[in-house]
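Notes for the one structure printed next.
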Amino acid sequence: MRAHYLFKRRLALKKVITVLVLVFLLVSPSLTKSKSKIEKVSFDAQAAYSYIKILASESMQGRESGQPGAAMAEEYIASKFKEWGLEPAGDSGTYFQNFTIEHSHIEEGVKLEIITERQRREFYYGEDWRVQEYSGSGNFTSEIVFVGYGIHAPEKNYDDYAGVDVKGKVVLFTTGAPQKISKELGEAASMEKRVEAAQKLGARGIMTFTPRTFGQASPQQAFFRMEVKKELHKPDFVMLSTTEDRVANFIFKDLAADLRSILREIDTNAKPQSLATGVKAFVAVNSIFDEKRPTRNVLAKMTGADKVLKDEYVVIGAHMDHNGITPMGEVMNGANDNASGTAVVMEVARVMMLNRAKPKRTVIFGLWAGEEQGLLGSEYYADHPPYPIEKTIAYINMDMVGQGSGKIGFSGVYYGPQVWELLKQKLPKDLVDSVNPSRGGPGGSDHTPFLEKGVPGFFMITQGSVKYHTSRDDSDLIKPEMLKKTGDFVCAAVDVLASEPGDFFPPLRQETYYFKYQNLVNYRFNAAAEFIANHGDAKDSHVDLQLSVIEEKDGLEGDALRVDIINSLLDLPEKIKATKGLSLFSSPSRLSMDVRQGKTTLMVGLKGIRSFGDNPKWAEVLAKQGAYYVLVDEPSFLFDEKGLTEEGKKVCLLYTSDAADEEDSV
C-alpha cells in the first residue's frame, strides 16, 4: 500500500510540474517584454559627470582650440563614440571634421616691468596691461619714448615722431587724436597707420593707453582694444595696451613733465610734445599667431532606419573647447562652459546606443571646436555640411547646463514654432515644464550658424548664477541633477524629432529667418514715457530694439527746454529699472545680452532740433546724456535742390562728429 501510495503521489507531482512548465512557457514572452520595458536605459547623470571630470581636468589644459589640450579632448570624445559603437560622421570615415582657424595665443610667463631711476615696478597682467591681438613676441629691456598720439603725418604738418629717436625702443602713445586737427589728419590718425609708423621708424613695440574719463568705474574700462589688420603682425614687434592711472602715470611719476598737461598742450596748439623719458621697460611676451592652425569638430551619427526619412537630419551639439591656459598660468578648465554640454551630448549618444534606438531620421552628434574664438566650428559645419543643411529639421544646442538652480532655458521658439509645437504635443508634461521656452535668436553660442541657414536652432542653458570664464569653473561645482534635467529633455526631444512624420521644410526657410530677424526692430517712434508705461513688465516680446523719443514740450524754449529734456533723459534709467521687461540701450553687446533675457531694449532720441538749434554745443551735451538720434517731422529745411543745406550740414556734422568721439572713447 505504501509503495502504491508513493507511486501515485509522484505521478501527481509530475503532472503539477508539467502544468507549471507549460504556464511559464506561455507567459514568459510577455514577462520578457515587460522586463525589457522596465530595464530601458535612461540618461545617467553620474556617467555624464564622469566625462566632465575628465574633460575639465588639468591634464586637458583648458581645451583651447588649436592647442594640445583641445586635441586630447577631441581624441577622448572620438574614442568614446567608437567604444559605444556610433558611426563615424566626419571626413573619410573618421570621427573628425578637419578645418583651420586663425589662432592667437599668449603663452604663460608674460611680464612687464617699468624701471625708473628711483624704483622698479612689475605690473599685473589683465589688471594693468594686456597683449593686443596680432602682437609679436619679445624678451628685452628698452627705453620708453613718449610720442603723444603716435601719429606720423609730416605731409599734413603733424608728426609726433619729429625730433625723437625711436629705433629699437618702445613708443608710448595715447589713443584718440588731437581734437583740433582730427578731421585734417583723416586716415593718418587711424590705429593701423600709427602701428605702421612705429614699425617703419624702427620701434621695438608700442604701448598704448586711453585717458581715464569721468564716470569710469574701474581701470579695466580704460583698456583699449586695438582693431588692426593681421598683416601688421610681425614676430618681433610687441603691441601692449596699458592703463593711464597705473602704468602711464608711473612712467611720468619722476619726470619734470606732467602727462595730462602735455596732452592738453597738444590738443590746444596741435603741436607735438614728444620726449625721451629715460624710463625703461622690461617686456617678456611669447605670442603665437598662426593664420591656419589645424583643429577639428568631432562628429558621430546614428543612421535613420526609414528608407526615405534617413536622408533628413536632427543635430544635437555643444562646443567642447574652452579658454586654455592664461598668460598668468591659470588653467581655465571650463567644466560648466562647456564640458557640461559636451557630456550631455555624449551621454545621449551612449543611451541611444544601449537602447538600440532606431530613429527614422539620421541623428548627428556634433562637438564643436573654436566656439570661444567666434563660433568657428559650428560655422564651419554649417558652411561645409557633410550632411545637407537644407535637410536638417532642427538643431539643439547645449551650452553651460551643469550649474544653476532652476529650469533650463530653451530659446528659439520664435524661429522654430513648428518644432516647438510638436515637442509640446508629444513630450510628457513634466519634461515640457522642466524648460523655460523663450523667443531666442542669434548670438551667444553655436545655434547661431544653424539659424542663419534657416534651420530652427534651439539654445539650452541652465538658469541661475554660474562661474563664467573664470579659473574656478571646475567640475566640483557641477550639479548632476541639472545634467539629468537637460539630458532627459534632449533624449525625449530627439526621439520625437527623429521619428515623427511631417514636412519640416517650408519654402523660403532661410529667407523667413532673416525676415523675422529684421522685424525685431520697431521703427515706430513712440514717446519714451508712453512706451515704458504701456510695455511695463512684459517679457519676451517680438521686439528686440524699440526706437523712442523725448518730445519737445510746447511753450518751452532755450534753457528751459534743454533742462526739461535733460531731466527726462536722467529719469529714464530709474523708470526702466522699475520694469522687468525693459532695458536702456548702452552698447551692442549689452543689447545682445538683454535679448537673451527676453527684454526689449529702448534706444532714445530727440524729436525736433529746437533744443540745440540755437546753440550747436548742446547737441553734444544731449548726446552724452543718452540721446542717440534726432527725429525731424519736416526735414525739408535740411535739403534743397543741391542736397544738404548749410543748416543740414551743420546738424549732420554735429551728430556724426559726436558719434566719432564716442567711438574713440570706447
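Restricting the range 258-278 to residues that are surrounded by fewer than 19 Cβ atoms within 10 Å (Cβ to Cβ) and polar (S, T, N, Q), the residue that is nearest to SER142 (Cα to Cα) is GLN273.
Yes or no, residue by residue, for (1) open to solvent by 80 Å² or more (accessible area, probe 1.4 Å); (2) on the phi < 0 side of the Ramachandran plot; (3) part of a loop (DSSP other than H, G, I, E, B); (4) not aromatic (Phe, Trp, Tyr):
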| site | (1), (2), (3), (4) |
| --- | --- |
| SER568 | no, yes, no, yes |
| LYS575 | yes, yes, no, yes |
| THR579 | no, yes, yes, yes |
| SER583 | no, yes, no, yes |
| SER586 | no, yes, yes, yes |
| VAL595 | no, yes, no, yes |
| GLY598 | no, no, yes, yes |
| LEU602 | no, yes, no, yes |
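Could you tell me which numbered condition VAL308 fails, if it satisfies all but one of (1) open to solvent by 60 Å² or more (accessible area, probe 1.4 Å); (2) within 24 Å of the chain's Cα centre (by Cα)? Failing condition for VAL308: (2).
Counted as qualifying within the range 78-154 are the strands (runs of 3 or more DSSP E) with 3 or more residues that are open to solvent by 60 Å² or more (accessible area, probe 1.4 Å), namely 96-106, 120-122. Of all the numbered requirements in (1) open to solvent by less than 40 Å² (accessible area, probe 1.4 Å); (2) in contact with a Leu (Cβ under 7 Å, 6 or more places away or on another chain); (3) modelled with pLDDT of 95 or more, GLU500 misses one, and that requirement is (1). Only residues that are crowded, with 21+ Cβ neighbours inside 10 Å and in a loop (DSSP other than H, G, I, E, B) were counted across the range 155-165, and they come to 2.
Selection of the range 166-188 for residues being part of a loop (DSSP other than H, G, I, E, B), at pLDDT below 95 and over 33 Å from the mean Cα position of the chain (by Cα) yields only PRO178.
Selection within the range 508-551: residues that are out of contact with any Ser or Thr (no Cβ under 6 Å at 6 or more places or on another chain), surrounded by 16 or more Cβ atoms within 10 Å (Cβ to Cβ) and of a type in the set (S, T, N, Q). The member of this set that is modelled with the lowest pLDDT is ASN522. Taken residue by residue, the range 483-494 has at least one member that is hydroxyl-bearing (Ser, Thr, Tyr), surrounded by 22 or more Cβ atoms within 10 Å (Cβ to Cβ) and either touching an Asp or Glu at 6+ places or on another chain (Cβ under 8 Å) or within 18 Å of PHE410 (Cβ to Cβ) (or both).
In the range 319-337, the residues that are within 11 Å of SER65 (Cα to Cα) and at pLDDT 95 or above reach residues that are in a loop (DSSP other than H, G, I, E, B) and among the hydroxyl-bearing types (Ser, Thr, Tyr) with C-beta atoms within less than 7 angstrom, at least six apart or across chains, in these pairs: ASP321/SER65.
Scanning the range 360-401 for residues that are within 22 Å of ILE101 (Cα to Cα), open to solvent by less than 10 Å² (accessible area, probe 1.4 Å) and hydroxyl-bearing (Ser, Thr, Tyr) gives SER378, TYR381. Scanning the range 327-359 for residues that are assigned to a helix (DSSP H, G or I), open to solvent by 10 Å² or more (accessible area, probe 1.4 Å) and in contact with a His (Cβ under 8 Å, 6 or more places away or on another chain) turns up nothing.
The values are calculated or read from the model by the stated rules, or taken from the named source; none is laboratory data. Here the structure is a predicted model, which is why all the values come from computation and not from measurement. As a convention, Cβ positions derive from the backbone with ideal geometry for all residues, glycine included, and neighbour counts pool all protein chains shown. Note: accessible area is taken over every heavy atom of the protein model, side chains too, but ligands, DNA and RNA are not part of it. Shrake-Rupley method; radii C 1.70, N 1.55, O 1.52, S 1.80 Å.
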